[in-house]
Amino acid sequence: MEGPESWDAAYSRDAPAPWDIQRPQPAIRALAESGRLTGAVLDSGCGTGEHALLAAAGGARVMGVDLSGVAVERARRKAADRGLDVRFEAGDVLTMALPQAAFDVVIDSGVLHGFDDDDRRRYVERLHATLRPGGRCYLLCFSDRQPGDWGPRRLRRDEIVETFASGWNVARIEPVVFEINPLPEATEVQAWLVEATSA
């Protein structure tokens, strides 16, 4: 995965980053509306904070983390503007200090597909360590159903199953649409919604 400077640059361009659509992804909004983003929630790769703020607006206690300090500062401003109490921290989720067994839910919208095979396993182990037993992970990632070779890596269903093989029960891996700001290549992306429970 690229360093913080490149992610800061993505948020500092005149045009918004493709994934920074300034609203929750439909799949994450549906989770919130069905009451699944409750208790203590970690938003991993929170970007400018829309999913963390959505969960907080529903009454969850939320921590959002992102590699980009620029994105985190924007998320903090949004929280202040909306009168929501969310803790936002900048750092690398693979190495930063995170509370252990502290969260009921982890959200990941577009982080997993940014890792190579080894870091993908390390990342999922880190998420597992932050969850209480029986905690749930809801994750959106690029799917191999998406045509073309631009953008991040596309993940196959079997790769996801393998990544969550140790310490998790995978409840579902279902096809969904990941909304993006329009690009020459696409206006939306085929994705997987993964729901896994910490065993």
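Things worth noting here:
- Three-way shape label, region 66-170, alpha-carbon gyration tensor, a/c 1.5: oblate
- Normalised by residue number, the volume inside the convex hull of the Cα atoms of the chain is 108 Å³ per residue.
- Rg and Dmax, both from the Cα atoms of region 121-199 and both in Å, are 13.7, 43.
- Surface analysis of the chain yields an accessible area of 45 Å² per residue, using protein heavy atoms and a 1.4 Å probe.
- Accessible area of the chain belonging to carbon and sulfur atoms, whole % at 1.4 Å probe: 49
- For the chain, a simple Cβ point-charge model (Lys and Arg +1, Asp and Glu -1, everything else neutral) yields a dipole of about 680 debye relative to the Cα centre.
- C-alpha center-to-center spacing [region 89-153, region 25-72] in angstrom: 13
The values are calculated or read from the model by the stated rules, or taken from the named source; none is laboratory data. This is a predicted model, so every value here is computed, not measured. Heads up, the Cβs are rebuilt from the backbone with ideal geometry, glycines too, and the neighbour counts pull from every protein chain shown. Accessible surface is based on the protein model in full, side chains and every heavy atom, while ligands, DNA and RNA are left aside. Shrake-Rupley method; radii C 1.70, N 1.55, O 1.52, S 1.80 Å.
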